[in-house]
Amino acid sequence: MRISLKTSGLLLLWSSIIGFCFWQWTPKFNRYKAPVKIVGIQWNDSLFKHLPKGMDTSIIVKDSKGNPLTFRQYIVPVFNHEAMIFQDRGTWRLHRLTKEANDSMANNDDVAARRDRAAAYRTPDTEQEWIVKLDNIAHTLSMADHILVLKSKRKMIISRKNQPVVSFDIDLGFNPVGNKETDGDGRTPEGIYDVEEKRVRRDKFHKSFWISYPNETDKAIAKKKGLKPGYSILIHGTTNARVNSKDWTAGCIALQNDDIDRLFEIVNSGTVIEIQK
C-alpha cells in the first residue's frame, strides 16, 4: 500500500513532536551529562591510623591570611588535591588549587614556588593509592628549609630545623671574590634569596634551581652605579668537560651531578638560600 506524501509528512511531523517531548522530559543530568572526570582517592579519617612512620606532623602551615593550621587541618585538602603546601622563605604555607589563587600569582613576580604551584593547579589528581599520596606528603614535610653557601670555603650546607643535613663542595664563577654587581662580571651574588624552578634539564647542566637574583636591593645598587645587575643565577650540575675544573661558571653555583641529584631529593622550590662571602 502506497503512503501519500501528505501522510508521510504528517508521520514525520508527529515523530518529531514525540521525540522532542521525550527529550524535554528526560532528566537534565542525563541530557547534559559531562564526561566522567577521574579523580584521585579522597581522604578518609581512618587514614590517620596509617600515616607513614616518621612523618613530621608537627609542622605548622599558614593559610593565605596568615592563620596557622595544624596537620589535621591541612592534611585533608592536601590529600584531596584541593591545596598544596610549600615553603615561602622559611615559612610553610598552604596554596589553594583554585583559579583565583592561581591568577593571583600572575602579576606578582616576587612569589615563592610559582612554577610548582602553577603546575599543581594544572595537573589533575588521578592517584588511586592512598599510601602513595601519604608518602608524597611525608616526603614534602621532610624537606630541608635552609641552604647556606660559604663562597670562601666553596661549601654548601643544607639544614633542616637548624640542624645540618648534608654539605657539598661547590664551584663558583670565574671571578669569585666579591659580590655580583653587573651582568658578565663572573661573580656569584651575596645575600638572602630563595630557590625556584626546580628543573631537570635536557642540556649539559643536568639539573638546576633558579636563584631569585636580582632582588630589589640588587637592582637598586646596580641602578645607582649605572649598571645592569644581570640575571639567570642558578645552582646547576657540572658538564663532563668541567668535572675537574675550579670556579668555571659565569656566576652560578655548580655541584657535581651526583650531589645535585641528592639536592633534588631534599630541597624544594621556595627554600631560603643564604650566600655569604
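In plain terms, the chain from residue 127 to residue 167 could stretch by 11.0 nm, reckoned as 0.36 nm per residue minus the Cα-Cα distance. Would you mind getting me the FRET efficiency between residue 108 and residue 139? Use the beta-carbon distance for r and R0 = 25 Å, nearest 0.05. Efficiency, from the Cβ-Cβ distance: 0.35.
Pair-distance distribution of the chain: all C-alpha pairs, bin width 10 Å, starting at 0; shares per bin in whole percent are 6, 22, 26, 18, 10, 5, 5, 4, 3, 1, 0.
Using a cut-off of 31 Å between Cα atoms, the listed pairs 65/198; 49/198; 49/161 include 49/198 as exceeding that distance.
Span-like helix check, the chain: qualifying full DSSP H segments, with Cα axial length of 15 Å or more and mean Kyte-Doolittle of 1.0 or more, are 5-25.
Within the listed set 54, 251, 230, the residue fluctuating most in the Gaussian network model of the chain (springs between alpha-carbon atoms under 10 angstrom) is 54. Of all DSSP beta bridges confined to the chain, the antiparallel ones make up roughly 80%.
Only Cα pairs under 8 Å and 6+ residues apart enter the sum, and on that basis the relative contact order of segment 64-165 stands at 17 percent. Calculated on C-alpha atoms, the gyration radius of segment 48-122 divided by its Kirkwood radius gives an Rg/Rh of 0.98.
A full extension of the chain between residue 202 and residue 53 corresponds to an added length of 50.1 nm, given 0.36 nm per residue minus the alpha carbon distance. What's the local net charge at residue 65, with K and R +1, D and E -1, over the other residues with C-beta under 13 Å away? Neighbourhood net charge equals +2. The residues 126, 140, sorted by heavy-atom accessible surface at 1.4 Å with ligands and nucleic acids left out, run 126, 140 from largest to smallest.
Put simply, the Cα atoms of segment 154-277 extend 40, 37, 25 Å along their principal axes, the longest span coming first. Cross-link check: pairs 246/277; 62/219; 62/133 evaluated at a Cα-Cα cut-off of 25 Å; pairs beyond the cut-off: 62/219.
The values are calculated or read from the model by the stated rules, or taken from the named source; none is laboratory data. Predicted, not measured: the structure shown is a model, and the values here were computed from it. Every residue, glycine among them, receives a Cβ derived from its backbone with ideal geometry; neighbour counts consider all protein chains shown. Ligands, DNA and RNA are excluded from the accessible area calculation, which covers all protein heavy atoms including side chains. Shrake-Rupley method; radii C 1.70, N 1.55, O 1.52, S 1.80 Å.
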